[in-house]
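Structure record follows, encoded as structure tokens.
We did not get these values from a lab; they are worked out from the coordinates using the rules stated. Quick caveat, the model's predicted, so the values are computed rather than measured. Backbone-built Cβ (ideal geometry, glycine too); neighbour counts: all protein chains shown.
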Amino acid sequence: MYERMLNKQVVPTIEEMAEYCAENAERFSMLNDWLISAYHTEQKVVFPYGNKYGWGIGHYKKRNLLCNIFAEAGAFTVMMRLTNVQYETIYGELNQYTQALIDNKYPCGNGGWIHYRVIEQEHYEDINKLLAVKCL
């Protein structure tokens, strides 16, 4: 369940990644399109962190990574880092699933990394809120 695209020898297209997300394909595409149109990100198909992570889309602004979006069977996961202040500004507006991810983030400097799996509309709405804070 939620297997990633791990075959490093076959570079998928963005359309193939979306299709792989099955019932979340539309959300996967909408999130990528929104980042490009609203925040003028540059997207690249990447296999960034070794065999465990697999293929995804990296979104960059001025060569700085904003997030990676990894295609999964039936879902997708957004990997991103925010500062503690950024998390705090939005925390109260987020659902419990999202708050638990923030509470258990992987610490890094004055913030931390989360791996946010999107499997339903409520998750999609919260990841949009988090990315909006990141992109300001």
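Would you work out if region 26-110 is rounded, prolate or oblate? Take a ≥ b ≥ c from the square roots of the eigenvalues of the alpha-carbon gyration tensor; rounded if a/c is under 1.5, else prolate when a/b is larger than b/c, oblate otherwise. In terms of gyration-tensor shape, rounded. The string of couplings for region 69-85 from the Karplus curve (6.51, -1.76, 1.60, θ = phi - 60°) is 10, 9, 6, 9, 5, x, 7, 8, 10, 9, 10, 8, 10, 10, 7, 4, 5 Hz, one whole number per residue in order, with x for Gly and Pro. Seen from G111, the other residues with C-beta closer than 12 Å to its C-beta sum to a net charge of +2, counting Lys and Arg as +1 and Asp and Glu as -1.
Net charge of the neighbourhood of I69, taken over other residues with C-beta under 15 Å away and scored Lys/Arg +1, Asp/Glu -1, is -1. The modelled label-to-label distance for the pair C135/Q121, using points 7 Å beyond Cα in the direction of Cβ, is 2.1 nm. Under the convention that each Lys and Arg Cβ holds +1 and each Asp and Glu Cβ holds -1, the size of the dipole of the chain around its Cα centre is about 780 debye. Label separation (Y60 vs T83): 2.4 nm, computed from points 7 Å beyond Cα along the C-beta direction.
Under a Cβ-only charge scheme (Lys and Arg +1, Asp and Glu -1), can you give me the dipole magnitude of region 27-72 about the Cα centre, in debye to the nearest 20? That gives a dipole near 180 debye.
In a shell of Cβ-Cβ distance under 9 Å around N24, excluding N24 itself, what net charge do Lys and Arg (+1) and Asp and Glu (-1) give? Local charge sum for N24: -3. Taken as Cα centroids, region 1-31 and region 54-77 sit 11 Å apart, rounded to the nearest whole angstrom.
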